[in-house]
Structure formats: C-alpha cells, structure tokens
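Have a look at the structure below before the remarks.
The values are calculated or read from the model by the stated rules, or taken from the named source; none is laboratory data. Source: prediction; values computed, not measured. Don't worry about glycine lacking a Cβ; one is built from the backbone with ideal geometry, like all the others, and counts go over all protein chains shown.
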Ligand SMILES: Nc1ncnc2c1ncn2[C@@H]1O[C@H](COP(=O)(O)OP(=O)(O)O)[C@@H](O)[C@H]1O
Ligand SMILES: [Mg+2]
C-alpha cells in the first residue's frame, strides 16, 4: 500500500469514526421514536464548546469533558421533555420541523452564550505525529478511533445484554407489544435522547482538537451523521458504524485523489447511488410492506 | 375460456412459504371463492394477482396476456380490481373523492389541461362526479357522498372500497374478506351486492371466512392450506371433500364448539 | 354570500387578489415593498413545494438547490452569455425541469426519511457545485445580475416588481388549485392516503410523483430566476441546505395540503426575520422557538387550524 493511500485511509478512518458516533445518535433516537433529530449536530457543538469553556476556566481536561457530556445530556433530556414529548401529531414532517427549530434555537443560544469565533481544544496527548508504515497519524486520531471502538462495544453490550437496552430495542421493533409487556415507552424515548446527546457531545470533544469547534459546526456534522445513518440503514447500529466509516473514507479518498472542494459532492453522490440501488441502506431491514 | 390463469405461482417471505406452486384458472363468469384457515396465504395470493407482490416463482396471465412481474397499475389497466382486508381508504379525502379516484384510468388528462383547467376537463369532471355518485348509490352509500371518509363507520368503509374498485370498471374484482367484522344485516347486504355484481357481468373472486356466505354464492371454490391447493371444485364437492373437512371445516367446527 | 364565493377556490382567489390590490395602502416605503416582493417570490416556491409535500406526501429537503439553479442559470445566461433575460429564465427553468425529471425517477422510489436524505444530498451537491464553479458563478462571493428587461423596458424598482410578482403569485395559486382538483391532483392525494390502494386503481405512482416533483422544481427554479433579477445579486447561500429547510418550514407552518397555507407560511416566515432584525443577536433564538412552538401547538399548520376553528364541519 502506498504511504499516500495509507495516509488518506487513516484520516478517513478518523473522520469516519466521528460520523459513526453522530450516526449512532441518529439511529438510537430513530429507533425509539421514528424521529430524525436534526438537532443531533448541535449536541456535537455543545459538547465541544462547553469543554473549551470549562478548560478556559481552569478545569482539567478529563473533568471538563465529563461535565460537558453531562451538560449536553441535560440539553438532550430537556429537548425531549419540553418539545418532542408534547407533540400530539404523528406526522414525520412535523417532528422534523420541531427538531430543526430546536437546532436553530440551540445554535442561536450558542452564539449568545459563547461567540461566533473558532475555538481550539488542546490535543489529549500532544501533537507529535506518530509514524505508521510511511504515513503519519496524530495521537488525537488514535483517541478518536479508540474511544469510538470502546463506545461501540459498550453500546453493543447495553443493547444486547442489559434489560434497559433490550427494552429499548424491543420498543423499536414493536411499540405496542413493548407497552403490553410493561415497558415504559416514554422512558425509552427520554433515555434515547439523553444517550444520543451524550454520544454527540463525546464526538464533539474528540474531534475539536483536530478541526476546531464553533457555534455552527453542528450543521455540517449533523448532515454527515444523518447521511451516514441512512447510508448504513436507519435504525441499525452496525449500519451506523459502517455508514460513518464508509462516508469518512469516501471523503478522504475523494479529497486526496480528486479534489478537496468536491469531496462532499463525491461522498453524497455515492450515497445517492447506494440508496437508489439499495433503498433501505446497506444494512437496513428489508421487509415487504404488508397490506 | 378462462379469464385469469396461474401457473406454479409461489411467494416466499424469508423462509415462510406463503403461497406454494399454485395452479388454477378462473373462468370468465360467476363467483370464484378462495377459502382456507388464517395464514393460509389467501391475502398473499390476492396481492400476487394484483401485482402488489412480485411472485418468487410462477406466472400469471390475465385474458391471455402475461402480467407476471408487472406493477399494480398494469393489472388495473388490464381490468383487475380489488378491495383490501385491512382497509386502504384515502382518509385524506371525502367518500365521493375516494370513488372518483377509482375512475382515474378512464379520466386521464394531460398536465397542461389540468393546470389550465380546460373546459373539456370541467365537463369530464362533472361526468366523473355523477358516475361516482351512482356507484355510491349502488353500494348503498348515497347518504355519505359528502362525508369525510375518516368519519365513516367500518361497515360503510368496506362498501366504499367496493365502490372505488368498481369505478375502474374491472372485469375481475377481487374481494378480500368483504364481510369480516360486519353484523348479520350488513353481511346480508354484501351478499346481495355480490349477486348484483355477477348480474353486471363482473367476475368476482371472493376471499371469505364466513362459510355460509361462501357456500351460498360461490360457483367455484378453491381451498388453500399452508399456501398449497388443498381442493378445488363446486361448493358442493368441496364441502364433502374429507381433506377439507379435516383441515378447515373441522377446525372451524371445533372453534365453534 | 353567493355559493361560488364560499369555495376555497373562487373565494380564496378573490380574497388574495383584494389583499394584493390593497396592500400598497399599508406599504409606507420601498423597504416594505421589498419585503412584500420577497414574500411573493417565496410564496411561489412554497405553492409548488406544497404540491409535493402537502398533497403528494413526498418530502424534499433539497428544493433550494432547484431555486439556486434557476437563479444562477438565469443570471449566468444573461450576464455571461448575453441572452435576453426572459429567454434565460425560460431556459434555466426548463433545464431544472429536465434535471428534476432525470433524478426524480430513481430518487422517488425511496420513501420517508430515505427520500428526505436523497433530496437533501441532491441539494447539498448542487450548492457545492455552485460555490466551487467560481468562473461561472463568482463562487462564495456571489455574482451580480443585470435587471429583467420586459419588451425593451428594464423592470426596476420595488413598486413595479410588486405588481408583477403579485400577478404571478395569483397565477401560481390558480394553477395549483386547478391541478389539485383535477384527476391528476386527486391521484396525488390518493398516493398520500394509501399508495397501494392508489396503485391498484391504476395510478402509476412513480410517474405521478415524478410529475409533481418536476412541477415543484419548476416553480422553485422560476421563482429563483426572478429573485436573481429582482435582487440584482445572488449568493450560493440561496441554494444551500438551510434555505431548503426554510422553504419546508414555510409550507408546514402555513399548513400541509393547503395552497393558501403555503402563501401564508411564506408571508409569515419571510416577514418574521425582518421584524426580528431589531432583536439582532436574539434573532435565531426567537426564530427557532417560534418554529418549535407553532409545530407543538398547531401541528396542522396555520391555515387548516384557523379554518377548522371558524368553519367546524366544513373541510378544506
Ligand atoms: N409482507 C409479509 N412479510 C412477511 N410475511 C408475510 C407477509 N405477508 C404475509 N406473510 C405471511 O404469509 C403467510 C400467509 O399470510 P396471509 O396471506 O395474510 O394469509 P391469509 O390471508 O390466508 O390469512 C402468513 O404466515 C404471514 O405471516
Ligand atoms: Mg388475509
């Protein structure tokens, strides 16, 4: 493998891991409620920006990150309690508009609480690149990929091995049946928003040392996360991870070999092609609609 | 001569063989009934015969024209109409509009004519409305013409689906459990409706659970069990068939006992 | 009141015409005229988009792309190639129609959130191309556009534009109402109600969806071209994701499957940011909050909620 290709793959993997975390957030909420939460990107932004502020206030990184994740989780819970839960309409479009409203509101608040400038976060373990088979990688990338792996494993354990997790999965498969066996669908909805917000915040903190953070980074990251979730198949956990990595790699390779200006065009173009060929995404449930 | 012919028709859902290697012909006249226990594959068969599902294997001819694998609107254009076991009403429209949609195939007009509302279109619309009203009357729903469909009772919606299907002027009409969930009076009305359909020259395929109803109106009966053909013949011969008694009537009798 | 006036069609059209005719009495200066013209142009986009989202039930999160292509196509043909403005506008709109037709067939087989993502992706692609082809489009800085010349006269000034856009808005409403009440329009609503049932009575769902998708793209491209000539300057922001969202919000706010709702939605949400401009930094916060609150308390949208309130029993 040429060092250049390896370099592109490594950077694609890093970005892809972030997309995967955001996509997982989309999928978890989608499973619990059939809602696409367009404020998911804002969770990423709030996580990064809060950490920046707390570090500026003198807190150590680990504590700042933990508090930032906690704060973002609270925002997620509040969004569910104050808005999503109150919606009486079943219409998908209505719910989409509400979460879009929430994302604009949160972005506006962020520009007031903080400012409209770019902010940097120090890398967790220094900036010195590590050589790897002719390519180099910054230590932060290892953090991104490593933490993502841990999170994916933890989520797998949660959804497959714990009662709460299984209850959430059951709800996504059949809401009525879940209710009948005593699962509180409202609790599941609340937990899903909290969990997704935490995941988003974590992604925002991990990526901030590499790409900077600002009040409006959530727009693009949210879009990419949604694209990754759809590419992998909405509601599928493994799909979100594969979709995120695929999108990250596609972008990095297009930027490297074609044009960095058109990397998103290529990534979205390929995503469109996949959807046309596989209308349920890569790992989506393929079922025949019953009539 | 047969109106519809099916050869080695199968449908599989991830391992479940809902319909297996079916072979039969529906004659151009009368009432052809399909019976069988729950889950026997009756609805799946209707979905195959209207293009809603694509067969896993086998072929379908309507009027000697092969329709296998074509989209539902091709079946409709060829002259196949249907109703649904789980109601598929256009709940965003009035009862009359539901029936008017049924006239779609005979109402085609260009986009420009529609956008500019050509006078010819306005005339056609009046005719369409009049015919839809007649059909509502035919199924006994004249009083509901202006009603919002989401405010109508269940029994009326069942008949609304029949009116909508008739609006397309089908030659073959497939009814999926038209009497399910209806009280005896309503069921009687459905029976009369089916008899009047035959008088109109429409061939009816009746999927039904109510044995009395089936035996009374059917010219021909096909019995399904686990997606396979169990028996076929006149109502009388099927009723006496020991296999049918065991698989279907027997369990029915038990259920009633 | 004569019966004809009470129908949404005649009565509503007449009411809208009266509003357009009398509004200038309340428009104190050119700034107000400017806002009114922008309302009209957005309303035309929303009327088309509502045919797609409200009536046919198919979401698009990429219509700003069509709007942008209409705007830039018209601008480029006029400014760079010296075409007459009307010919440019027609060619750009026709080009967008062709594009929508080509991508519509494969994309409209998708459903729900997958369709949302596909249209969103399409919009993003268009916006990036516009931003990057700076030879033609001037890139992120935007480009200036010569004025619209009608029969040798340049159409300039907010007042003149007000009457032109007002007339076009009435025309757009009329076309949309006609379509909705035609067999094709009923077919669209039927698809929304039950796609399977629509297909088994003979409706070719993909064909109908593509038809309305193309039509809504044409409305967007046409209004986009007009906006470019009117403003005299365009930037890629008009083609991006956020503008697509703005358009969908207008449609939903006004009320899905209500042509007059689309007009009201465009009016409120175009005017609101102008009013909020006095709030400066708080503009986004208030805008976001208004979006959320209306959807929570009026999920059916403005016009249907009002009609249900004042005319119980009657529909539409
Ligand atoms: N869309 C579908 N996806 C998966 N399985 C299906 C689907 N439709 C029907 N089936 C299965 O096919 C079998 C036959 O069902 P159906 O045709 O509805 O029976 P009937 O109408 O005779 O009661 C059942 O086992 C049912 O679960
Ligand atoms: Mg059935």
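A few notes on this one:
- Note on the range A:47-79: residues that are under 17 Å from the mean Cα position of the chain (by Cα) and within 13 Å of another protein chain (Cβ to nearest Cβ) total 1.
- Residue match in the range B:82-90 (condition: more than 8 Å from chain C (Cβ to nearest Cβ), closer than 30 Å to residue B:236 by Cα and away from ligand 2 (no atom under 13 Å from the Cβ)): no
- Scoring residue B:59 on the criteria (1) at the interface with chain C (Cβ under 7 Å from one of its Cβ atoms); (2) surrounded by fewer than 20 Cβ atoms within 10 Å (Cβ to Cβ); (3) touching a residue at least 12 places away in the same chain (Cβ under 8 Å) leaves a single failure, condition (1).
- Residue in the range C:306-316 that is crowded, with 21+ Cβ neighbours inside 10 Å and either within 14 Å of chain A (Cβ to nearest Cβ) or at pLDDT 85 or above (or both) present: no
- Residues that are facing chain A (nearest Cβ under 9 Å), within 19 Å of residue C:189 (Cα to Cα) and crowded, with 24+ Cβ neighbours inside 10 Å do not occur anywhere in the range C:284-291.
- Yes/no for residue A:77 being in a helix (DSSP H, G or I) and within 23 Å of residue A:186 (Cβ to Cβ): yes
- In summary, residue B:154 fulfils each of the numbered conditions (1) closer than 22 Å to residue A:291 by Cβ; (2) buried (at least 16 other Cβ atoms within 10 Å of the Cβ); (3) more than 15 Å from the chain's Cα centre (by Cα) with the single exception of condition (2).
- Screening residue B:145 with (1) more than 16 Å from ligand 1 (Cβ to nearest atom); (2) buried (at least 20 other Cβ atoms within 10 Å of the Cβ) gives one miss only, at (2).
- Among the residues of the range C:218-245, the ones that are within 14 Å of another protein chain (Cβ to nearest Cβ), crowded, with 24+ Cβ neighbours inside 10 Å and under 11 Å from the mean Cα position of the chain (by Cα) come to 3 in all.
- Number of residues in the range B:37-50 that are touching a strand residue (DSSP E or B) at 6+ places or on another chain (Cβ under 6 Å), in a loop (DSSP other than H, G, I, E, B) and near ligand 2 (Cβ under 9 Å from one of its atoms): the value is 2.
- Among the residues of the range B:194-209, those that are more than 13 Å from the chain's Cα centre (by Cα) and more than 16 Å from ligand 1 (Cβ to nearest atom) comprise B:195, B:196, B:198, B:199, B:200, B:201.
- Test: residue B:247 is more than 16 Å from ligand 2 (Cβ to nearest atom), closer than 20 Å to residue B:30 by Cβ, in contact with a strand residue (DSSP E or B) (Cβ under 6 Å, 6 or more places away or on another chain) and modelled with pLDDT under 90: no
So that you can scan it fast, the table gives a plain yes or no per residue for (1) out of contact with any strand residue (DSSP E or B) (no Cβ under 9 Å at 6 or more places or on another chain); (2) crowded, with 18+ Cβ neighbours inside 10 Å; (3) not in a helix (DSSP H, G or I):
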| residue | (1), (2), (3) |
| --- | --- |
| B:52 | no, yes, yes |
| B:68 | no, no, yes |
| B:90 | yes, yes, yes |
| B:97 | yes, yes, no |
| B:120 | yes, no, no |
| B:125 | yes, yes, no |
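- The residues in the range B:146-163 that are within 13 Å of another protein chain (Cβ to nearest Cβ), more than 16 Å from ligand 2 (Cβ to nearest atom) and touching a residue at least 24 places away in the same chain (Cβ under 8 Å) can be counted, and the count is 9.
- Any hit, the range A:276-286, residues being more than 16 Å from ligand 1 (Cβ to nearest atom) and outside any loop (DSSP other than H, G, I, E, B): yes
- Hits in the range B:7-36 (condition: over 30 Å from residue B:195 (Cα atoms), more than 9 Å from ligand 1 (Cβ to nearest atom) and touching a strand residue (DSSP E or B) at 6+ places or on another chain (Cβ under 6 Å)): B:8, B:10, B:20, B:21
- Here B:136, B:172, B:166 are screened, and the one residue that is in contact with a helix residue (DSSP H, G or I) (Cβ under 7 Å, 6 or more places away or on another chain) and either within 16 Å of ligand 1 (Cβ to nearest atom) or more than 11 Å from every other protein chain (Cβ to nearest Cβ) (or both) is B:136.
- Where a residue in the range B:22-43 is within 14 Å of another protein chain (Cβ to nearest Cβ) and at pLDDT 90 or above and its partner, wherever it lies, is part of a strand (DSSP E or B) and away from ligand 2 (no atom under 11 Å from the Cβ), with Cβ under 6 Å and at least six apart: B:41/B:19
- Within the range B:175-200, if we keep just the residues that are outside any helix (DSSP H, G or I) and either within 16 Å of ligand 2 (Cβ to nearest atom) or buried (at least 17 other Cβ atoms within 10 Å of the Cβ) (or both), the residue that is nearest to the other protein chains (Cβ to nearest Cβ) turns out to be B:176.
- Residue A:149 vs. criteria at pLDDT 95 or above and more than 14 Å from chain C (Cβ to nearest Cβ): yes
- Any hit, the range B:213-227, residues being in contact with a helix residue (DSSP H, G or I) (Cβ under 8 Å, 6 or more places away or on another chain), away from chain C (no Cβ under 14 Å), in a helix (DSSP H, G or I) and within 16 Å of ligand 2 (Cβ to nearest atom): yes
- Answer from B:181, B:155 - the residue that is within 21 Å of residue C:194 (Cβ to Cβ), modelled with pLDDT under 95 and within 16 Å of ligand 1 (Cβ to nearest atom): B:181
- Checked against the criterion of being within 16 Å of ligand 2 (Cβ to nearest atom), surrounded by 17 or more Cβ atoms within 10 Å (Cβ to Cβ), closer than 13 Å to residue B:222 by Cβ and more than 14 Å from chain C (Cβ to nearest Cβ), the range B:4-21 contains one or more residues that satisfy it.
- Residue under evaluation residue B:204, criteria (1) over 30 Å from residue B:37 (Cβ atoms); (2) buried (at least 20 other Cβ atoms within 10 Å of the Cβ), criterion not met: (1)
- Hits in the range A:150-184 (condition: without any contact (Cβ under 8 Å) to a residue 12 or more places away in the chain and within 23 Å of residue A:209 (Cα to Cα)): A:150
- The listed residues are C:188, C:177, and the only one of them that is within 21 Å of the chain's Cα centre (by Cα), assigned to a helix (DSSP H, G or I), within 14 Å of chain B (Cβ to nearest Cβ) and surrounded by fewer than 24 Cβ atoms within 10 Å (Cβ to Cβ) turns out to be C:177.
- Of the criteria (1) modelled with pLDDT under 95; (2) surrounded by fewer than 21 Cβ atoms within 10 Å (Cβ to Cβ); (3) at the interface with chain B (Cβ under 7 Å from one of its Cβ atoms), which one residue C:196 fails: (1)
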